[in-house]
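Novice: What follows is a structure written as structure tokens; I'll ask about it next.
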Amino acid sequence: MIEQEAKALTAEEHWQSILDSPEYFLDAIDWQNESFNFVKTTREILSTSSFLDGRTALSNDHDGYSLPISEALGWHKQGITNRPVNRFIFHMSFCGSTLVSRVLDHPGVTITYKEPQVLLQLASIKAANAEWYRNKEQWHGLMSFVLSQLSKRWSPEETVVIKPSNWANSMLPQLIEDGGSSRALFLSISADDFLISVFRGGSDRVQFTYAVLIHLVTAFPEFTKVIADVEADKLSSADTFARLSLVVHAIQQKAFAQVSGNISLADSCQYDYQELLNSPAECLQQAATALDLDFKKSQLNQSIRKNFSNHSKVTKRSFDILDARKVDQQVCAAYSDTFSRTFAWADKNLTSSNFI
């Protein structure tokens, strides 16, 4: 998180403006001081930022605004009338979710919040089984407040879509159920494409994927033994991380399957990375329908043309799918033996019947 001094707010009327206005974005939770930290920002900053998880400066006045958690939750509980419909893009790693978020972000129709830090923090306290999570009434109020803050509209006709980090795949049932009714897009990726993507990104992606694994296994402890077995085997580093990467993939598959029929889901759809690349218009229309977004076909097609030729995470960098596929082929050639051994191992050790 970007360090900045947070101004304590005590005037109730000032609270109201903070809690009601989308210009004040819920940036983080300060557990030590038991407060919510907000930044004053703009729609453009939130829309153009690839991540809202602390890596990007979001404030436009260089100040922070702090509200006590207990008092903010009390205000929220008293003010609840109709719960908003939460719209989510749930995703596995490296599946094109940032690209989809950019396509679906269109002024006057939708704004998409990409990986808010507060949801990572909630996932972390759930993983730690902290008191805020163990007290279910307290947790429910906390989740409801956070989601309501992330649903504040910049204009009455503009819908908000939230793309949590895949770190939040450890708490999909809570996200779907605790904030009211939900709609969701589930973006997945095949095991083959996932493994290629991890190795294509080098050591940074390997380390990120291992961190995700350590986090997610707290919610899916049935995978603990297979992880321990892999780490105990005398394998090369490449073989070890390849197997652990497929464990991460399997956990996320189970996380998606776990909530596919959740009664709190008003509507949902799912497709994978290759389907997105091969049929973008069809996939994005399915997403817009499931999320109940008021896109005109011309608007959606225009957004697809604009965003599919640009790098989704790096501004002013073009993207060519043919070049990307050439790199993938090079990765496959370099690690062909490792990948073959890994998938043979997975066929024996990562079948769904092993992790019921």
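Novice: Taking the residues in region 159-182 that are of a type in the set (D, E, K, R) and in contact with a helix residue (DSSP H, G or I) (Cβ under 6 Å, 6 or more places away or on another chain) as candidates, determine which candidate is surrounded by the fewest Cβ atoms within 10 Å (Cβ to Cβ).
Specialist: Among residues in region 159-182 that are of a type in the set (D, E, K, R) and in contact with a helix residue (DSSP H, G or I) (Cβ under 6 Å, 6 or more places away or on another chain), the one surrounded by the fewest Cβ atoms within 10 Å (Cβ to Cβ) is Asp178.
Novice: Between a first residue in region 90-112 that is on the phi > 0 side of the Ramachandran plot and a second residue that is of a type in the set (Ser, Thr, Tyr) and assigned to a loop (DSSP other than H, G, I, E, B), which pairs have beta carbons less than 7 Å apart while being 6 or more apart in sequence or on different chains?
Specialist: Cβ pairs passing all conditions: Gly108/Ser155.
Novice: From the list Thr209, Thr218, which residue is assigned to a helix (DSSP H, G or I) and β-branched (Val, Ile, Thr)?
Specialist: Thr209
Novice: Still on this structure, I have one more. Does region 82-90 contain at least one residue that is out of contact with any helix residue (DSSP H, G or I) (no Cβ under 8 Å at 6 or more places or on another chain) and of a type in the set (D, E, K, R)?
Specialist: yes
Novice: Separate question: Could you grab me the full set of residues in region 187-226 that are β-branched (Val, Ile, Thr) and more than 20 Å from Ala168 (Cα to Cα)?
Specialist: Within region 187-226, Ile196, Val226 meet the criteria.
Novice: Looking at the structure I just gave you, is Glu131 surrounded by fewer than 22 Cβ atoms within 10 Å (Cβ to Cβ) and closer than 18 Å to Phe88 by Cα?
Specialist: Judged against the criteria, Glu131 is not a match.
Novice: Determine which member of the set Ser237, Ser165 is among the small types (Gly, Ala, Ser) and closer than 26 Å to Gln286 by Cβ.
Specialist: The unique qualifying residue is Ser165.
Novice: Select, from Ser264, Ser268, the only residue that is modelled with pLDDT under 95, in contact with an Asp or Glu (Cβ under 6 Å, 6 or more places away or on another chain) and at negative phi.
Specialist: Ser264
Novice: Those residues that are among the hydroxyl-bearing types (Ser, Thr, Tyr) and modelled with pLDDT of 75 or more, I need them from region 1-30; list them, please.
Specialist: Passing the criteria: Ser17, Ser21, Tyr24.
Novice: Based on this model, can you work out whether Val327 counts as loosely packed, with under 13 Cβ neighbours inside 10 Å, at pLDDT 80 or above and of a type in the set (A, V, I, L, M, F, W, C)?
Specialist: It is true that Val327 is loosely packed, with under 13 Cβ neighbours inside 10 Å, at pLDDT 80 or above and of a type in the set (A, V, I, L, M, F, W, C).
Novice: Just one of the numbered conditions (1) modelled with pLDDT under 95; (2) out of contact with any Ser or Thr (no Cβ under 8 Å at 6 or more places or on another chain); (3) not charged (D, E, K, R) is not true of Thr42; which one?
Specialist: Result: Thr42 fails condition (1) only.
The values are calculated or read from the model by the stated rules, or taken from the named source; none is laboratory data. Given the structure is predicted, the values throughout are model-derived calculations rather than measurements. Every residue, glycine among them, receives a Cβ derived from its backbone with ideal geometry; neighbour counts consider all protein chains shown.
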